[in-house]
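Below you'll find the structure, written out as structure tokens, and then a few comments.
Nothing in this text is a laboratory measurement; each read-out follows from the coordinates by a stated rule. Only a predicted model underlies this, so the values are computations on that prediction, with no experimental measurement involved. Glycine also receives a Cβ, built like all others from the backbone with ideal geometry; neighbour counts cover every protein chain displayed.
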Amino acid sequence: MTTNKKISFMRSLCMGIIEEDVILPFPTLNAGEKETLTSMIDSINGWLKGKDQEFRKWDRQGEMPAEFLQEMRELGLFSLIIPEEHGGLGFHSAAYSRMVQEIAKHDGSVAITAGAHSSIGMRGLLLFGTDDQKKKFYPKLAAGEMIAAFCLTEPGAGSDAASIRTKAVKDGDSWVLNGEKLWITNGGIASFFTVFAKTEGPEGQMTAFIVTKDMAGVSCGPHEDKMGLRASSTTTVSFDKVRIPKENVLGEVGKGFKVAMKILNSGRTGLGGGCVGAMKKCIELASKQAKQRVQFGQPIAEYGLIKQKIGHMVVETYAAESLVSLVSGLVDQGYEDYAVEAAISKVFGTECLWRTADEALQVAGGNGYMCEFPYERVVRDSRVNRIFEGTNDILRLFIALTAMNDVGKQLKELSSSLDGIFNDPIKGFGILTDYAFKRMSQATGVGGAKSAFTKLSPQLAGAAVIFEEGTRDLALAADRILRKHGKAIIGKQFATKRLADIMIDLFALGAVMSRVNSSIVAKSPTIAKELEILSVFSGQVRRRTKGNFGKIDDNDDELIKSLADEALSKEGYSWDTL
Ligand code: MYA
């Protein structure tokens with residue numbers, strides 16, 4: 001059993017190393033949390049069930065009534081991650097993610113209101129707060145007396161988070177804050193803000209602060225008119241000469257960028273859980289609709305193309321659920337470096353939900369397009385998931401470049417140790433064989449006696465081969481791409497995205513394998529169907545990764561760039577048929 005909690009499964013994988021102890025066995029909730037979670041889920045379902053018409057009304061109005069927010073407070077929806085001794089439910093990552101899942105089954109706006117509070121709004125306090133800060137704010141946050149918001153994004157700083165211009169200047173024992181934040185979830189209802197501002201010091205340094213609504217100079221703009229999640233509050237938040245006591249610095253002065261990233265990493269399984277909940281809801285809606293709707297003399301559920309959609313929805317939901325549960329399990333087990341894994345779970349979960357919501361709407365046909373039914377709302381609500389909490393594009397670059405950075409370091413070490421290879425054959429020999437052995441084991445361990453998996457049931461042998469072949473090819477591809485482009489890889493976004501897509505697929509497959517393996521060990525009654533899911537998903541991963549590996553050398557990247565340049569220069573399409 002590995003005890004090294006510093007290992008990142010995916011960063012190792014890119015070097016061709018499969019750390020099976022990190023993903024096996026599949027994580028489970030502890031008994032205490034399970035019990036609290038179950039009773040909380042019962043209360044939530046009892047309370048939210050049958051409120052569909054109200055959710056629809058609030059979506060159209062673009063606002064959630066104050067009485068409903070009050071009910072959310074009373075049910076403890078703002079206390080989810082706050083330790084029990086401070087009045088909260090004390091949920092860790094997996095239980096929290098599962099809770100957001102349950103809320104999201106009912107309504108996206110409710111899920112985001114509760115989720116933005118816990119996932120990002122007050123998570124900095126949980127991760128970096130001092131005892132005094134926790135003592136002061138936890139009780140109010142747990143009661144929902146204070147609702148929290150995360151203030152990073154600005155008019156000129158979205159994906160490029162380091163380019164914020166909000167500034168805090170030290171003045172005696174306090175800081176003076178000036179600036180404006182944009183698209184702040186919960187902005188209009190929050191009174192606790194985690195705010196990031198540039199502070200003096202080396203270029204680009206920022207610091208995180210706790211700002212409260214009662215401080216003079218804090219104000220918020222009107223509710224934004226959004227495509228989806230319309231009943232949730234999104235506003236600008238402005239700071240005009242706001243005086244912040246030095247006790248409200250969160251984490252270290254000048255280390256705010258890392259604070260922001262760690263909050264986002266840690267909160268990502270909340271959004272993942274929300275996506276899984278919405279997907280389960282889509283399956284329920286689409287299945288009922290398909291059985292009720294009769295065309296050409298029989299329920300449309302009997303038709304192959306409807307079954308194809310619902311079957312794929314099931315596979316994607318199982319895969320996303322496995323991935324999100326695995327990542328939250330890693331967080332709960334104390335793994336320190338899960339940034340890449342968390343980013344993968346965000347990208348994968350949000351894209352699975354997008355496809356699932358679209359297909360559920362398609363199954364419902366004309367009804368799906370009518371606002372009277374929930375499908376169009378789920379589609380609108382789920383669109384932003386691919387944009388906020390780090391766009392999926394920027395996260396793909398983060399996923400692959402982090403891995404490439406590791407491989408680059410390894411190559412650099414190798415090449416510098418080869419400098420004196422002929423003068424010192426023994427040293428050189430050792431390093432070369434070590435390197436070659438790693439590469440060889442990638443090439444020959446696949447599926448055979450040397451398989452990297454020692455804890456998998458033989459029923460998973462087929463999937464294990466796909467995983468190991470993918471790992472070997474991933475490590476070789478990372479190596480090859482880096483040798484080809486060197487540092488210029490940063491500008492090679494097509495290649496980087498391909499590598500990220502391969503990593504995403506492999507990690508999702510690893511999560512599904514781990515879960516199915518645990519079901520086999522537990523002799524789960526549903527195992528036959530789970531093996532069917534594994535069979536479909538591993539086939540998809542094999543085909544997709546093969547396609548992506550092939551495109552590393554055989555692609556039309558330059559042509560696509562040329563066509564984009566044409567459209568950009570003309571600011572439109574150049575070939576009208578008239
Ligand atoms: S909140 C706003 C979301 N905004 C973002 O996510 C911003 C996205 N941008 C970034 O993440 C960064 O700027 C990127 C780096 C990644 C682009 N973990 O030179 P660098 C380290 C740990 O690459 P940059 C919202 O949307 C890196 O290793 N470390 O930096 C509301 C390096 O370290 P070192 C990280 O090029 C959503 C250093 O930082 C990470 O400037 C509401 C500098 O790196 C990382 N991740 O850009 C959602 N990244 O110096 C609510 C970088 O040591 C959800 N580093 O080498 C609630 C639930 C909902 C329910 C849903 C219902 C369906």
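Of Ile44, Ile103, how do they rank once you tally other Cβ atoms within 10 Å and put the fewest first?
Ile44, Ile103
Determine the alpha carbon to alpha carbon distance for each of Lys412/Lys492; Lys136/Lys262; Lys6/Lys135; Lys49/Lys135; Lys198/Lys497 and list only those over 25 Å.
Beyond 25 Å between Cα atoms: Lys6/Lys135; Lys49/Lys135; Lys198/Lys497.
Excluding same-chain residues fewer than 8 positions from Lys255, which aspartates and glutamates have a Cα within less than 17 Å of its Cα?
Correct list for Lys255: Asp160, Glu200, Glu203, Glu247.
Could you derive backbone 3J(HN,Hα) for the range 97-106 from the dihedral phi with the Karplus parameters 6.51, -1.76 and 1.60 (θ = phi - 60°), listing whole Hz in sequence and x where the residue is Gly or Pro?
With the stated coefficients, the range 97-106 comes to 4, 5, 5, 4, 3, 5, 5, 5, 4, 8 Hz.
Please list the non-local residues whose amide H lies under 5 Å from the amide H of Gly16, H modeled 1.01 Å from N, same-chain partners needing a gap of 5 or more.
Ala475
Kindly put Tyr375, Tyr573, Tyr369 in sequence by how many other C-beta atoms sit within 10 Å of each C-beta, fewest to most.
Fewest-to-most ranking of Tyr375, Tyr573, Tyr369: Tyr573, Tyr369, Tyr375.
Rank-order 154-167, 507-520 by packing density, defined as the average count of other C-beta atoms within 10 Å over each peptide's residues, highest first.
In descending order of packing, they fall as 507-520, 154-167.
Averaging sequence separations of C-alpha pairs under 8 Å and six or more residues apart, then dividing by the length of the chain, give the relative contact order as a whole percent.
16
Applying the Karplus parametrisation 6.51 cos²θ - 1.76 cosθ + 1.60 with θ = phi - 60° to the phi angles of the range 70-78, what ³J(HN,Hα) value in whole Hz is obtained for each residue in order, glycine and proline being reported as x?
Running phi through 6.51 cos²θ - 1.76 cosθ + 1.60 with θ = phi - 60° gives 4, 4, 4, 4, 5, 7, x, 6, 9 Hz.
Return Ser8, Ser118, Ser232 ranked ascending by Cβ neighbour count within 10 Å, so the fewest neighbours appear first.
Listed from fewest to most nearby Cβ atoms, that is Ser8, Ser118, Ser232.
Using the Karplus equation 6.51 cos²θ - 1.76 cosθ + 1.60 (θ = phi - 60°), what ³J(HN,Hα) coupling, rounded to whole Hz, does each residue of the range 491-496 give in order, writing x for Gly and Pro?
Taking θ as phi minus 60°, the curve returns x, 9, 6, 5, 5, 5 Hz for the range 491-496.
Could you give me the percent of Cα pairs per 20 Å distance bin for the chain, shortest bin first, beginning at zero and ending with the bin that holds the maximum distance?
Result returned by the calculation: 19, 51, 28, 2, 0.
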